[in-house]
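Each remark here refers to the structure printed beneath this line.
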Amino acid sequence: MKIFSIAVVLLAFTSSSTSADYLRSSGNEDRQLQRGGGGDGGGGGTGDRDRLDEDDLNFRFNKFTVPAGVNLPSRLTARDYPIRDGVYENLKKTDAVSVINQSDYEVDLDIRNLINSVGGLPTYPMNDVNAPYWEELRHVIEVQDKRINDTNNVFFPLAKIWEGSDLGQIAEYVHNEYPGIIQSTFLAELLTEKYGEVNIDFDVIPYRSNEMFLSRDFMVANMSTWAMSTVGPYNFAAKWYAGRARPEEVVWAIKSGRLSEGVPQDIKNAVNAMNINAATEFTAYPEGSPNHPSWPAMHSAIASVSFWLSVVLDLNDEQLCQARLTDYGISYARTVAGVHYPSDNLTGMNLAKEILAKKMADFLSQKYGSDKAKIEAKIAANRFDWNTFDPDDPCPFMTMN
């Protein structure tokens with residue numbers, strides 16, 4: 001087992017900030033994309049590519065293997081993101097996962113606009129010890145220490161489907177699992193009315209008969225699959241637009257001495273204290289992070305159950321609480337595993353909400369003959385900004401009753 005010894009060197013961080021501060025902070029409030037400049041082309045956003053912050057250390061995602069005969073730069077930098085056309089075509093010939101850009105046949109919403117709608121681009125490693133990026137990396141490092149050395153200290157709220165789990169188990173729940181299996185576990189419990197009577201909103205899913213098996217059980221199962229498949233292409237297009245490096249890439253660059261400038265001393269000390277011999281060993285998984293950029297998180301993007309359920313059903317407080325805790329748990333578990341920053345998770349969930357809000361009325365009206373105006377009204381009434389989620393009080397509406 002890998003052993004991290006970082007509690008002392010991160011003491012200043014943990015004493016001045018609570019875990020909850022980093023669980024709910026997106027870290028990207030000031031990074032709105034500037035509009036205009038440069039044409040989109042296939043890769044999109046050449047103007048964004050040209051506006052590099054002077055303190056940016058130009059460290060971007062590079063976790064893929066280039067086969068012989070494939071022509072790519074030795075390292076991708078900010079100039080290559082959003083993925084430009086020549087890089088895009090050759091990157092698809094590597095083991096990089098789901099390389100998608102604005103030209104993809106499933107991407108019919110503007111990626112730059114979607115990114116702006118969730119707060120703009122993520123933070124990146126900067127030549128500034130006080131830059132927000134380093135706060136996020138600190139948090140990921142701290143959580144790895146807890147996962148390994150204090151695994152029973154589950155410091156964030158869990159849905160009932162995960163009650164009694166330790167941090168190691170939580171990390172494994174979101175490791176190469178069948179897409180949607182965790183959501184399905186919760187939905188199965190919901191439909192057996194473990195959390196109270198299930199009430200369909202007949203303004204959204206029209207009444208067919210007193211026993212609504214097709215428009216209840218089948219509808220919920222169908223919505224879960226539809227939501228994941230709808231969000232996926234846009235999430236990956238945003239990943240390959242932003243090119244945020246995985247935590248393990250940055251940690252290993254620090255550990256191996258390739259990245260030093262701008263790195264806070266406490267982070268250097270913490271990384272150098274780690275007993276790891278490869279980048280992947282920073283994480284909970286033998287293979288490390290997946291071979292696609294960190295932001296926004298795909299597990300988080302498919303953790304949208306609480307949003308679309310709020311539209312098609314009339315949820316009681318317990319149902320909504322468990323739905324949100326399920327979404328949050330799936331999302332934050334990837335930080336527990338060391339493969340995502342907190343803002344990857346929050347942005348992934350908010351991005352899914354934005355995409356589904358644009359797509360759901362058309363889908364439901366075509367599939368179930370629903371009234372689009374009523375669907376759109378229900379969507380507007382149930383929008384939720386995950387940046388406001390408080391792990392110390394995850395379901396405040398429960399305490400008000």
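Against the empirical 2.2 N^0.38 Å scaling, what ratio does the C-alpha Rg of segment 304-359 come to? Write out the running numbers ahead of the final one.
On the way: Rg = 12.1 Å, N = 56, 2.2 N^0.38 = 10.2 Å.
For segment 304-359, the normalised Cα radius of gyration comes out at 1.19.
What per residue convex hull volume, in Å³, comes out for segment 48-103 when only alpha-carbon positions are used?
Hull volume over Cα atoms, normalised by residue count, gives 85 Å³.
At 7 Å along the Cα-to-beta-carbon direction for both Ala380 and Ala221, put a label point, then send me their distance in nm to one decimal.
Label-label distance for Ala380 and Ala221, simple model: 3.5 nm.
Could you work out the pair-distance distribution P(r) of segment 348-401 from its alpha-carbon pairs, with 5 angstrom bin width and percents rounded to whole numbers?
In whole percents, the pair-distance histogram is 4, 18, 21, 18, 15, 12, 10, 3, 0.
Assuming a viscosity of 1.567 mPa s and a temperature of 4 °C, what translational diffusion coefficient in µm² per second does Stokes-Einstein assign to segment 175-296, Rh being the Kirkwood radius over Cα pairs?
D, rounded to a whole number, is 70 µm²/s.
Under the rule a/c < 1.5 gives rounded, and otherwise a/b versus b/c splits prolate from oblate, where does the chain land using the Cα gyration tensor?
Since a/c reaches 1.5 but b/c is at least a/b, the shape of the chain is classed as oblate.
Arranged by the count of other C-beta atoms within 10 angstrom, fewest first, what order do Lys268, Lys353 take?
Listing Lys268, Lys353 from fewest to most nearby Cβ atoms yields Lys268, Lys353.
Which one, Asn272, Ala237, Phe307, projects farthest toward the positive side of the charge dipole computed for the chain from Cβ point charges (K/R +1, D/E -1)?
Positive-end residue among those listed: Ala237.
Cα centroid distance between segment 301-336 and segment 119-155, in Å?
If we compute the Cα centre of each part, the gap is 24 Å.
Given 0.36 nm per residue, what is the gain on full extension from Lys358 to Asp108 after removing their alpha carbon distance, in nm?
This chain segment gains 88.9 nm when fully extended.
Exposure proxy check: Arg334, Arg112 ranked by fewest other beta carbons within 10 Å?
Lowest count first: Arg112, Arg334.
Among 81-88, 152-159, 295-302, 359-366, how do they line up by average Cβ neighbours within 10 Å per residue, starting with the highest? Let's see the in-between values first.
On the way: 81-88: 20.4, 152-159: 16.2, 295-302: 28.0, 359-366: 18.4.
Taking the mean over residues of other Cβ atoms within 10 Å, the ranking is 295-302, 81-88, 359-366, 152-159.
Order these by the 10 Å Cβ neighbour count, fewest first: Thr347, Thr335.
The most exposed by this proxy come first: Thr335, Thr347.
Sort segment 251-297 into rounded, prolate or oblate with this rule: let a ≥ b ≥ c be the square roots of the eigenvalues of the Cα gyration tensor; rounded if a/c is under 1.5, and if a/c is not under 1.5, prolate when a/b is larger than b/c, oblate otherwise.
On the way: a/c = 2.22, a/b = 1.43, b/c = 1.55.
Note, shape of segment 251-297 comes out oblate.
How would you order 161-167, 338-344, 391-397 from highest to lowest mean count of nearby Cβ atoms within 10 Å?
The packing order, highest mean first, is 338-344, 161-167, 391-397.
Since every read-out is calculated from the coordinates, none of them should be taken as a lab result. Since the model is a prediction, treat every value here as computed from it, not as a measurement. Positions of Cβ are generated from backbone atoms using ideal geometry, with glycine treated the same way; all protein chains shown enter the neighbour counts.
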